[in-house]
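The values are calculated or read from the model by the stated rules, or taken from the named source; none is laboratory data. What you see is a predicted model, and the numbers here were worked out from it, not measured in a lab. Cβ placement follows ideal geometry from the backbone for every residue including glycine, while neighbour counts extend to all protein chains displayed. Note: accessible area is taken over every heavy atom of the protein model, side chains too, but ligands, DNA and RNA are not part of it. Shrake-Rupley method; radii C 1.70, N 1.55, O 1.52, S 1.80 Å.
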Amino acid sequence: MYQRVLFFIFLLSCSNDPRLVEEFITERELPLEETKEAVLVHTENGDIKVEVFANSIKRFKNQDKEVLLEGIIVKFYNDSLAVQSILKADYASIDEKNKIMKATNNVLLKNSDKKQLESEELIWDENKNKIYTDMDVKITTGNEVVFGEGFKSNLDFTAYTILKINGTVNF
């Protein structure tokens, strides 16, 4: 009998306030799905063009940023299936509708010619097959370091433009 009374008291003490539940759900922006240690592969005519490695991928609904990635490495391949450039960043967001990826925080882009770009943001427009930023950049080549603001390039980082050069250091 004592157990039944305790059980009844326990049931009465539990409650779900609908306002608290709604507040919890609306305050937190929960993803529709989340994947850990993921690899995304983009192919054209059966050939690998891009591989994206991410520590975490989160997909959201009804937002500008449909996919959020954490700790990413993006490998861009040429027609011979050789890696032409590698992009690393702490975070990225993908707008799947417009096919644009925005990499942010500790962005590093290296190509097979040992050129290296450092920035806090880099945008890859898949439709235009270009990478660009309006932020500050630092480009290191075999014989110089160039500091500037704004950058546009092809995916293999062989033909690029710095919009506003702030300084150059020659080795």
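Please work out if Asp113 is open to solvent by less than 40 Å² (accessible area, probe 1.4 Å) and either acidic (Asp, Glu) or closer than 29 Å to Lys36 by Cα (or both). When the stated conditions are applied, Asp113 does not pass them. In segment 54-69, of all residues being of a type in the set (D, E, K, R) and modelled with pLDDT of 75 or more, the one that is farthest from Ala89 (Cα to Cα) corresponds to Arg59.
Ile139 meets each of the listed conditions (1) in contact with a Gly (Cβ under 8 Å, 6 or more places away or on another chain); (2) aliphatic (A, V, I, L, M); (3) free of Cβ contacts under 8 Å to residues at least 12 places away in the same chain apart from (3). Selection within segment 61-96: residues that are more than 20 Å from Glu121 (Cβ to Cβ) and either part of a loop (DSSP other than H, G, I, E, B) or polar (S, T, N, Q) (or both). The member of this set that is farthest from the chain's Cα centre (by Cα) is Ser80. Among all positions in segment 42-53, there is no residue which is within 13 Å of the chain's Cα centre (by Cα), within 21 Å of Asn127 (Cα to Cα) and at pLDDT below 90. Here Leu108 meets the list (1) under 26 Å from Gly46 (Cα atoms); (2) part of a strand (DSSP E or B); (3) not β-branched (Val, Ile, Thr) almost entirely, failing just condition (1). Among the residues of segment 142-171, those identified as closer than 14 Å to Ser85 by Cα and either surrounded by 12 or more Cβ atoms within 10 Å (Cβ to Cβ) or basic (Lys, Arg) (or both) are Ser153, Asn154, Leu155, Asp156, Phe157, Thr158, Tyr160.
Among residues of segment 98-125 that are in contact (Cβ under 8 Å) with a residue 12 or more places away in the chain, those with a beta-carbon under 6 Å from a residue that is among the small types (Gly, Ala, Ser) at least six positions away or on a different chain give the pairs Met101/Ala92; Lys102/Ser93; Ala103/Ala89; Ala103/Ala92; Val107/Ala89; Val107/Ser119; Asn111/Ser85; Leu122/Ala103.
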